[in-house]
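Here the structure is laid out as structure tokens; the discussion comes afterwards.
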Amino acid sequence: MTVDLAARRAPWTDATLGGEGGGHHVWRYRRRLAALGRDLADAYRPGTRVTLWDLACWHAAARTREGAPVHVRVPQPFAPPERRDAGGGATHTYRRRPDESVARFAERLREGWSPDAVERGAEPPLAPGTRAFCALVEADLPGPTGAYRAADDGVDGVADGVTGTAYRLFPGPYDAAAADRVTAGDLVAELAPRTV
């Protein structure tokens, strides 16, 4: 495992090196371990693999009409979850420009370049009748009104009538929304060329 504290990433792989008796002789394998570490760093270098973030940006860009908003939650770096929930981050809003291709728009989303608006401490607005594509680590957007409410916690929830598609890695209140839940495999499969 390699831990990159600055980037907040911990790529890992399972690797087995031979051992003798009941233990490993790490010193004896130091050159093989160093080579494995270099290979791992190369394999997980940014831009060498498609990530779920890449998939989410491609889908958001492809599904968005010119001028329609794409909202991206940007948490405050290194803030604990309880501070993020209290407005420690921001919502960046992007709109595809008239001269911007879908591919260029996806790149702008993925890289976080030039948001059209930034609102600090706000959740993405989802109005009644909105058809949304949501890609979340945790389904932590509030669920539909009344579907998720811990004892008077004041969560009003996503407006009734919000539909669309939702990918989430971990479950949460947004699971109660009227959205079709998809898996990472579904997101990849939708990129397959269509044959007629």
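Of GLY172, GLY164, which residue is closer than 23 Å to LEU109 by Cα and modelled with pLDDT of 50 or more?
Among GLY172, GLY164, only GLY164 is closer than 23 Å to LEU109 by Cα and modelled with pLDDT of 50 or more.
Any residue in the range 56-73 that's within 16 Å of VAL182 (Cα to Cα): show its pairings with residues that are charged (D, E, K, R) at Cβ separation under 7 Å, as long as the two are six or more apart or on different chains.
Every condition considered, the pairs that remain are CYS57/ARG110.
Tally time: how many residues in the range 68-80 are farther than 16 Å from LEU126 by Cα and modelled with pLDDT of 85 or more?
Applying the first criterion (farther than 16 Å from LEU126 by Cα) to the range 68-80 yields 74-80.
Within this subset, residues satisfying the condition of being modelled with pLDDT of 85 or more are none.
Summing the residues that are farther than 16 Å from LEU126 by Cα and modelled with pLDDT of 85 or more in the range 68-80 gives 0.
Filter the range 86-116 down to the residues that are more than 17 Å from the chain's Cα centre (by Cα) and either of a type in the set (S, T, N, Q) or at pLDDT below 60 (or both) and list them by number.
ALA86, GLY87, GLY88, SER101, SER114
Any chance you could count how many residues in the range 117-130 are within 23 Å of ASP180 (Cα to Cα) and under 19 Å from the mean Cα position of the chain (by Cα)?
The number of residues fulfilling the criteria is 4.
Within the range 167-196, which residues are surrounded by 16 or more Cβ atoms within 10 Å (Cβ to Cβ) and not in a helix (DSSP H, G or I)?
The answer is TYR167, ARG168, GLY172, ALA177, ALA179, VAL182.
The values are calculated or read from the model by the stated rules, or taken from the named source; none is laboratory data. Note that the coordinates shown come from a computational prediction; the quantities given were computed from them, not determined experimentally. Here Cβ is always computed from backbone atoms with ideal geometry, including for glycine, and neighbour counts include all displayed protein chains.
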